[in-house]
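Values quoted throughout were computed directly from the atomic coordinates according to the rules given, and no laboratory measurement underlies them. All values reported here derive from a predicted model rather than from experimental measurement. We place every Cβ from the backbone using ideal geometry, glycine too, and count neighbours over all the protein chains shown.
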Amino acid sequence: MSAVSTIQALDELLPRITQVIGEQFNVYHVGVFLLDNKREYAVLRAANSDGGQRMLARKHALSI
């Protein structure tokens with residue numbers, strides 16, 4: 001887990017966080033959503049599962 005604290009780039013940090021949470025809590029899917037600049041959508045930015053990877057590929061977002 002200490003490796004997470006050394007990562008500074010958000011695009012590297014978020015996927016690592018989902019991986020660590022999934023491993024530590026033994027859950028299949030972990031996803032991180034961040035608000036877009038207009039605060040209109042929560043955009044999926046990282047996920048650890050196969051399904052989450054497909055959602056990332058299609059730029060999954062939820063309307064706020």
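Modelled spin labels at Ser63 and Asn26, positioned 7 Å past Cα toward Cβ, are 4.0 nm from each other. Given the alternatives (i) 1.91; (ii) 1.68; (iii) 1.14, Cα Rg over 2.2 N^0.38 Å as computed for this entry is given by (iii). For the chain, give the magnitude of the charge dipole about the Cα centre (Cβ charges: +1 Lys/Arg, -1 Asp/Glu; no others), in debye to the nearest 20. Computed about the Cα centre, the dipole is about 200 debye.
Applying 1/(1 + (r/R0)^6) with R0 = 30 Å to the Cβ-Cβ distance of Asp50 and Ser5, what FRET efficiency is obtained, to the nearest 0.05? Could you put the intermediate results ahead of the total?
Values: r = 27 Å, r/R0 = 0.91.
Efficiency, rounded to the nearest 0.05: 0.65.
When trypsin sites (Lys or Arg not before Pro) are flagged only if DSSP places them in a loop and at most 15 other Cβ atoms lie within 10 Å, the longest unflagged stretch of the chain comes out as 1-37.
Taking amide hydrogens as placed 1.01 Å from N in the peptide plane, the amide H of Gly31 sits under 5 Å from that of no residue at least 5 positions away in sequence or on another chain. Net charge of the neighbourhood of Asp36, taken over other residues with C-beta under 12 Å away and scored Lys/Arg +1, Asp/Glu -1, is +3. Charged neighbours of Leu62, selected by a Cβ distance under 15 Å, balance to +3 (K, R count +1; D, E count -1). The C-alpha atoms of the chain define a longest principal axis, and helix 10-25 lies at about 60 degrees to it.
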